[in-house]
Ligand SMILES: [Zn+2]
């Protein structure tokens with residue numbers, strides 16, 4: 001009897017010992033996993049988030065970064081998904097760090113804006129006139145820029161500007177100079193059997209800022225650091241004030257009924273028609289396939305810029321982009337020697 005009781009006691013002890021062992025092993029396994037995860041996180045922080053994102057896709061998938069949201073009326077078309085030709089390795093952490101601009105520098109039209117480009121200088125409205133004002137990664141809207149927007153509608157009426165520029169986000173608006181040419185072009189396209197649709201015209205400074213911020217938040221939620229998120233956002237959208245959509249001179253145009261900005265637009269009859277006729281109405285394809293290096297923006301078959309009929313015809317005839325054309329004008333209309 002005594003031995004059996006002892007055996008029983010022993011087996012209880014063994015059971016307890018086994019349970020403790022299992023617990024210890026489980027605890028060890030758990031802490032190992034935890035350490036591994038935090039190690040990976042730390043590593044990815046140092047390696048520019050390359051483990052959590054696929055940076056190489058930044059360049060090749062640029063068009064999708066410009067893809068509209070499912071709600072066509074909302075924040076869609078980023079204009080400009082810039083390629084990173086200016087910064088060849090945008091995904092690698094660089095010493096050039098994009099930082100939110102000091103709010104004390106937010107004066108004039110940039111009041112309250114967060115994402116101003118650290119690289120842009122004010123564009124010159126007066127150099128060759130408003131129609132030829134160059135706005136890109138290097139030139140942002142000047143602080144005292146005055147919009148002259150009219151409401152875009154499919155009716156015949158032009159609404160005089162009675163809203164402030166931010167309120168124009170609630171409707172479609174275009175610069176007054178581009179309004180009638182745009183209407184005429186749309187009418188001609190319709191008559192030719194290739195009806196067009198204005199997908200994204202003017203976009204306010206505030207809205208551009210929000211769109212940029214949304215992207216930064218989205219990338220941070222994916223595990224990127226602030227610096228990485230801002231750098232990546234800058235490959236998908238332009239900084240506040242550096243988009244042609246912010247002046248009302250840049251227009252995303254597609255075939256009627258389509259709200260989705262994709263490169264396949266170049267295969268449509270509408271695109272072919274625009275290639276042939278846009279200049280007659282004062283518009284140029286702004287970000288051509290063979291000008292990515294000069295514009296710093298990926299190919300956008302849908303983005304047209306109003307420059308006036310004479311300039312549009314000359315630019316198209318010369319096969320230049322706007323950056324090259326401005327340089328050409330700077331050189332007294334002599335084509336700069338190729339480097
Ligand atoms: Zn655009």
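Quick note: the coordinates plus some simple rules give every number you see, no bench work behind them. Note that the structure is a prediction, hence the values are computed from the model and not measured. No Cβ is skipped: glycine too gets one built from the backbone with ideal geometry, and neighbour counts run over all protein chains shown.
Quick notes on this one:
- Qualifying residue in segment 226-235 (condition: in contact (Cβ under 8 Å) with a residue 60 or more places away in the chain, closer than 20 Å to residue 302 by Cα and within 14 Å of the ligand (Cβ to nearest atom)): no
- Test for residue 230: is it assigned to a strand (DSSP E or B) and in contact with a helix residue (DSSP H, G or I) (Cβ under 7 Å, 6 or more places away or on another chain): no
- Filtered by the rule that a residue be in a helix (DSSP H, G or I) and touching a helix residue (DSSP H, G or I) at 6+ places or on another chain (Cβ under 7 Å), segment 281-308 gives 281, 294, 295.
- Residues that are in contact with a helix residue (DSSP H, G or I) (Cβ under 8 Å, 6 or more places away or on another chain), within 14 Å of the ligand (Cβ to nearest atom) and under 23 Å from residue 197 (Cβ atoms) do not occur anywhere in segment 310-317.
Listed here are the residues, each with its yes/no results for (1) more than 13 Å from the ligand (Cβ to nearest atom); (2) buried (at least 18 other Cβ atoms within 10 Å of the Cβ); (3) under 12 Å from the mean Cα position of the chain (by Cα).
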{"residue": "222", "(1), (2), (3)": "yes, no, no"}
{"residue": "246", "(1), (2), (3)": "no, yes, no"}
{"residue": "266", "(1), (2), (3)": "yes, no, no"}
{"residue": "269", "(1), (2), (3)": "yes, no, no"}
{"residue": "278", "(1), (2), (3)": "yes, yes, no"}
{"residue": "281", "(1), (2), (3)": "yes, yes, no"}
{"residue": "286", "(1), (2), (3)": "no, yes, no"}
{"residue": "300", "(1), (2), (3)": "no, yes, yes"}
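- Scanning segment 309-318 for residues that are buried (at least 19 other Cβ atoms within 10 Å of the Cβ) and touching a residue at least 40 places away in the same chain (Cβ under 8 Å) turns up just one, 311.
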